[in-house]
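Heads up, the thing below is written out as structure tokens.
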Amino acid sequence: MRTQVAIVGAGPSGLLLGQLLSLQGIDNVIIERKSGDYVLSRIRAGVLEQGMVAMLEDARVAQRLHRDGLVHDGFSLAFDGRRHRIDLKGLTGGKTVTVYGQTEVTHDLMAARAAIGATTIYEADDVALHDFDGQSPRITFVKDGVSHAIECDFIAGCDGFHGVSRRSLPDGAVREFERIYPFGWLGLLADVPPAAHELVYASSDRGFALCSMRSMTRSRYYVQVSLEEKVEDWSDQRFFDELRRRLPADVAEAVTTGASIEKSIAPLRSFVAEPMRFGRLFLAGDAAHIVPPTGAKGLNLAASDIHYLSQGLIEHYRDKSDAGLDAYSNRALARIWKAERFSWWMTSLLHHFPANTPFEQRMQRAEFDYIATSPIGSTGVAENYVGLPY
Ligand code: FAS
Ligand code: PHB
């Protein structure tokens, strides 16, 4: 088999890249380790920056998003029961975010790919990348016990943090930066109305909690837990009781309990691999970087990577120019590091760190007080939350 661009991974990064390339007549094949149903079953992000909404419009997959997505003009920070609303729209000259689950984004991209007739190979085993530092990269994999090879011009490594692409690079080819946080997020999804019409990020001496949603009838909640916690030790009742203890009283009272549809614990880490290109292999999305979900940046960073990478590939084929590909890594990393900073800062502000001294706890409180009383402080939060320019 031969294609112009071979994409490893059928998550949001791979699917969005494939769609943008297909619309420009650039042939591409996606090779995915799991089944399509498994990819759709993963419950992940929920908030889209305006830039990502524009990307999905460019990809012609924004119809359901505009029908079902919830446009939010603000969100709240709460500290020891005191609440401060960040007026996103007012502080950023009209920018907003859209609440629309990553599952739905993936569904829309999968449907578009099927409609356009592009090839996705699911349940591919032993995926391996070859000769990407030369002129003729290729990918090999096993499907139903039969070995296959795909010859291509370029490989896009969109296979997430645990994927094969970054691990295929020679030792010393990338420099890795990492911070692992001493806690995780226990998330619960339930078909109950949200406790508030906007997101509430709450910090209390018991730990962090987040009230989010997927629609006005489906809520997504998180509580900070230690890394020793096991999801099977958390009944729905125990989860909701702990959630309420961490929320401002009015929000706690508005929480509607209900049977969980999904419950899982995710670890939190900050991670960046530099550079994001090696010869004809380009890393994008979680394959190159991870942020703690506190800033709602993970999925949105994948979108901006794909914005830069798709532009570079289109210029290569349409304009015979490699300027975009040559600039990809530096352009993407410039935005990535600013989102890493914001995600680290939001996480540091809102979580209970067991090793924090009383002084550091006071610094957290002072940071919140500054934001709550300074329009300039709130504006800094707002412009990062809606997403810095591409
Ligand atoms: P993904 O990991 O989504 O997709 C990579 C794909 O590659 C997967 O389908 C995988 O099966 C496939 N793959 C892996 N290895 C392969 C191989 N060897 N061969 C072929 N295919 C392979 N972000 C937020 O903004 N908010 C959140 O609340 C949030 N919560 C998250 C919770 C969890 C548990 C995780 C893991 C991430 C969360 N994220 C969140 C971040 C998440 O949304 C990512 O940013 C987003 O999925 C990035 O998309 P991709 O880069 O496509 O990577
Ligand atoms: C979610 O709805 O899953 C969500 C929203 C905002 C975040 C993280 C997760 O910062």
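The values are calculated or read from the model by the stated rules, or taken from the named source; none is laboratory data. Computed from a predicted model, the values in this text were never measured in an experiment. For neighbour counting, all protein chains shown are included, and Cβ atoms are generated from backbone atoms with ideal geometry for every residue, glycine included.
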Those residues of the range 9-50 which are under 17 Å from residue 161 (Cβ atoms), among the aliphatic types (A, V, I, L, M) and within 16 Å of ligand 2 (Cβ to nearest atom), in sequence order: 43, 45
Search result, residues across the range 283-322 that are touching a helix residue (DSSP H, G or I) at 6+ places or on another chain (Cβ under 7 Å), over 17 Å from residue 56 (Cβ atoms) and away from ligand 1 (no atom under 16 Å from the Cβ): 312, 313, 315, 316, 321, 322
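Only residues that are more than 9 Å from ligand 1 (Cβ to nearest atom) and either surrounded by 16 or more Cβ atoms within 10 Å (Cβ to Cβ) or of a type in the set (Gly, Ala, Ser) (or both): list them for the range 29-39, please. Can you show your working first?
Of the range 29-39, the ones more than 9 Å from ligand 1 (Cβ to nearest atom) are 29, 35-37.
Residues satisfying the conditions are 29, 35, 36.
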The range 28-41 residues that are within 9 Å of residue 7 (Cβ to Cβ), paired with ones that are loosely packed, with under 15 Cβ neighbours inside 10 Å and at pLDDT below 95 (beta carbon under 9 Å, 6 or more apart): 29/1
Matching residues, the range 185-231, being more than 13 Å from ligand 2 (Cβ to nearest atom) and either closer than 16 Å to residue 295 by Cβ or under 19 Å from the mean Cα position of the chain (by Cα) (or both): 203
Pair list, Cβ under 7 Å, 6 or more apart: the range 296-308 residue more than 17 Å from residue 323 (Cα to Cα) and touching a residue at least 40 places away in the same chain (Cβ under 8 Å), other residue more than 9 Å from ligand 1 (Cβ to nearest atom) and in a loop (DSSP other than H, G, I, E, B): 300/49; 300/387; 304/390
Selected residue [in a helix (DSSP H, G or I), at pLDDT 95 or above and surrounded by fewer than 24 Cβ atoms within 10 Å (Cβ to Cβ)] from 22, 13: 22
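I need the full set of residues from the range 198-230 which are assigned to a loop (DSSP other than H, G, I, E, B) and among the aliphatic types (A, V, I, L, M), in order please. Let's see the steps before the verdict.
Restricting attention to the range 198-230, the residues satisfying the condition of being assigned to a loop (DSSP other than H, G, I, E, B) are 198-199, 205-206, 216-217, 226-230.
Passing the criteria: 199, 216, 227.
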Members of the range 40-64 that are within 15 Å of ligand 1 (Cβ to nearest atom), in a loop (DSSP other than H, G, I, E, B) and modelled with pLDDT of 95 or more: 49, 59, 61
Sole exception among (1) among the aliphatic types (A, V, I, L, M); (2) more than 23 Å from the chain's Cα centre (by Cα); (3) crowded, with 20+ Cβ neighbours inside 10 Å for residue 128, by number: (3)
Given (1) in contact (Cβ under 8 Å) with a residue 60 or more places away in the chain; (2) under 25 Å from residue 44 (Cβ atoms); (3) buried (at least 18 other Cβ atoms within 10 Å of the Cβ), index of the condition residue 122 fails: (3)
Residue within the range 145-160 that is touching an Asp or Glu at 6+ places or on another chain (Cβ under 7 Å) and of a type in the set (Val, Ile, Thr) present: no
Some residue of the range 140-156 being buried (at least 17 other Cβ atoms within 10 Å of the Cβ) and under 23 Å from the mean Cα position of the chain (by Cα): yes
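Would you be able to say whether some residue in the range 184-197 is farther than 15 Å from residue 72 by Cβ, among the aromatic types (Phe, Trp, Tyr) and either in contact with a Leu (Cβ under 9 Å, 6 or more places away or on another chain) or surrounded by fewer than 22 Cβ atoms within 10 Å (Cβ to Cβ) (or both)? Even if it seems obvious, please write down each step before you answer.
Residues of the range 184-197 that are farther than 15 Å from residue 72 by Cβ, as a first pass: 184-193.
If we keep only those that are among the aromatic types (Phe, Trp, Tyr) too, we end up with 185.
Add one more test, that the residue is either in contact with a Leu (Cβ under 9 Å, 6 or more places away or on another chain) or surrounded by fewer than 22 Cβ atoms within 10 Å (Cβ to Cβ) (or both), and what stays is 185.
The answer is yes; a qualifying residue exists.
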Residue that is within 24 Å of residue 154 (Cβ to Cβ) and crowded, with 21+ Cβ neighbours inside 10 Å, where the choices are 243, 301, 325, 268: 301
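Restricting attention to the range 51-109, and to residues there that are of a type in the set (Lys, Arg) and away from ligand 2 (no atom under 16 Å from the Cβ), which single residue is nearest to residue 286 (Cα to Cα)?
Here is the first cut: in the range 51-109, the residues of a type in the set (Lys, Arg) are 60, 64, 67, 82-83, 85, 89, 95.
Next, from what is left, pick out any that are away from ligand 2 (no atom under 16 Å from the Cβ): 60, 64, 67, 82-83, 89, 95.
Working: 60: 23, 64: 25, 67: 28, 82: 34, 83: 32, 89: 29, 95: 26 Å.
Once the filter is applied, the top-ranked residue is 60.
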